[in-house]
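What follows is a short report on a single structure.
Just so you know, all these numbers are worked out from the coordinates, no wet-lab data involved. Keep in mind that this is a model prediction, so the values were computed, not measured. As a convention, Cβ positions derive from the backbone with ideal geometry for all residues, glycine included, and neighbour counts pool all protein chains shown.
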Amino acid sequence: MNPVLTLETTAYTLEQLISLPEAQIALAGRSNVGKSSLINALAGRKKLAKVSSTPGKTRSVNYYRVTPHDFYLVDLPGYGYARASHTEREKWARLLERYLVECASLKALALLLDSRLEPQKLDKNLASFARTNGLNIVPVLTKADKCSQRERANRQNEWQELLGTRPIVTSSSNRYGIDNLWRALVETAVP
Ligand code: GTP
Ligand code: MG
């Protein structure tokens with residue numbers, strides 16, 4: 001049986017975001033990579049988190065309580081949204097960095113990466129920022145249903161080389177890898 005996810009809080013300010021004392025794992029990644037869809041796949045529910053084909057859908061920060069383990073998954077707004085203004089993107093990047101550095105209860109960053117794309121600069125930058133600040137990274141490849149097994153394996157190798165950790169391959173559409181991901185998240189949050 002997989003854990004149960006329930007929406008607990010929506011945060012709009014950084015202080016709210018940082019002050020939550022319980023263990024949390026944040027889902028970060030470029031806009032449209034599939035963060036909210038992955039929350040739904042993990043929950044086994046279709047409409048827990050709002051999903052959209054238009055990037056930039058998630059604007060607030062949503063906390064999902066994981067029962068019975070008592071930690072939180074945090075669905076963050078995506079970064080690198082091309083149509084947001086430069087100022088807006090910069091502002092979000094600063095907020096994200098402050099959260100990663102200042103949130104003492106943050107156990108790890110689940111870094112979501114598109115299976116179809118070669119390692120992208122923004123993702124590599126975030127990974128090295130997290131690494132520099134001593135934060136654990138759980139790399140996750142998304143949308144595996146959209147590419148061949150060979151392509152996925154190449155992507156896994158590339159990221160393993162860069163991060164020293166092999167990404168977990170997932171698809172929110174056909175639930176591939178979801179049980180593996182749950183196992184990794186629980187092990188990371190409550191070792
Ligand atoms: P922001 O909130 O804008 O940062 O986006 P997000 O990362 O939360 O992405 P979201 O889950 O809203 O999904 C973006 C688009 O990708 C939607 O059209 C989803 O249906 C699609 N998508 C997400 N995961 C998968 C997947 O595993 N397979 C396929 N084929 N499509 C997916
Ligand atoms: Mg989203």
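Of the chymotrypsin sites (Phe, Trp or Tyr not before Pro) found in region 1-76, those in coil by DSSP whose Cβ has at most 12 other Cβ atoms within 10 Å are Y12.
In this label model, S105 and E90 are separated by 3.3 nm, measuring between points 7 Å along each Cα→Cβ vector. Build a GNM of the chain with springs between Cα atoms under 10 Å apart, and of T67, T170, T87 the one that fluctuates most is T87. Taking a sphere under 12 Å around the Cβ of E151 and counting the other residues whose Cβ falls inside, with K and R at +1 and D and E at -1, yields a net charge of +2.
Applying 1/(1 + (r/R0)^6) with R0 = 22 Å to the Cβ-Cβ distance of N133 and T165 gives a FRET efficiency near 0.85. Between L76, L122, L141, the Gaussian network model of the chain with springs among Cα atoms under 10 angstrom shows the greatest mean-square fluctuation at L122. For the chain, the relative contact order is 24 percent, taking Cα pairs closer than 8 Å that sit 6 or more residues apart in sequence and dividing their mean separation by the residue count.
For the chain, the square roots a ≥ b ≥ c of the C-alpha gyration tensor eigenvalues yield an a/c under 1.5, which makes the shape rounded. Between K124 and T54, the contour length at 0.36 nm per residue exceeds the alpha carbon distance by 22.9 nm.
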